[in-house]
Each structure stands twice: as structure tokens, then as C-alpha cells.
Amino acid sequence: MPGTVKKSSSPISRPLIVLVPHRLGRREARRRLDTGIDRLQRELSALLSGLDYHWRGDTLNFTASAMWQKITGRIEVLEEAVRVEIELPWVMRFLRDTITKRVRGRGVALLEKPPGEE
């Protein structure tokens, strides 16, 4: 129509979602994540800063900074999997595949039996 201005719609950002299967049950998976989060924070300190997190039921909500960008997300502990959802800033979206692989690898490592545990 003449005189009509068409608004451009920006693509809706989809969160990065990674599923990490396990056979631990919800309770044990949550315990292992809870005990391993400090270790993870130390291991990723060169890449991730200002990690702040809190549990709400079986969901760990978190915020952090990476590459001078704020990242938010949550980790939902399910009976047979851990579901990680991360809202990536637009400047980090090109790293989506790399981040997916790292999140999956770290998730598997956190769910493994911690050293020294029988």
C-alpha cells in the first residue's frame, strides 16, 4: 500500500539447548551438579567470570560474563537427562556449535562420579 511503512522484524533469538543424558536419577544428578559447580567455576575462570547461580527446585538458574557479554541460562535436572538452556548474546551466536560441544562435555564430566568417591 502506498504510504505504508513496513516494519522489519528481527529474527527471534532461540536459546541454545543441550541435553545431557544420564542414568543417575534426578536426585543424584542434582547432587553431582551441585558439588561440581565450584570445580567448574575454577576450571572456566579464564573464560567465564562473575558466575552467580541459585537453585529453584531442580533448576539451577545462572548468570555470568564471557567475552565481555552477559550470559543467562538455566540447568534443569530431569530424571534421565540434564537440560541446559543458555541465552547467548548476539555477538556469541557464531560460536553456537563450539559452545554446544563444550557444554555437553562439561555436563558429562560434572555427572561422572567425583574423584575420591566410592
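Key figures
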{"quantity": "The range 16-111: translational diffusion in µm²/s, Stokes-Einstein, Kirkwood Rh over Cα pairs, 20 °C, 1.002 mPa s", "calculated": "159"}
{"quantity": "FRET efficiency for residue 54 and residue 31, using Cβ-Cβ distance with R0 set to 25 Å, rounded to 0.05", "calculated": "0.95"}
{"quantity": "Radius 13 Å from Cβ of residue 83, net charge of other residues (Lys, Arg +1; Asp, Glu -1)", "calculated": "-1"}
{"quantity": "For peptides 53-64, 101-112, sequence by mean Cβ density within 10 Å, most packed first", "calculated": "101-112, 53-64"}
{"quantity": "Simple Cβ-charge dipole of the range 16-111, Lys/Arg +1 and Asp/Glu -1, about Cα centre, in debye nearest 20", "calculated": "160"}
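Read the figures in this text as sums done on the coordinates, not as results from a lab. This structure is a prediction, so every number in the text was calculated from the model and none was measured. With ideal geometry, Cβ positions are generated from the backbone for all residues, glycine too; neighbour counts draw on all protein chains shown.
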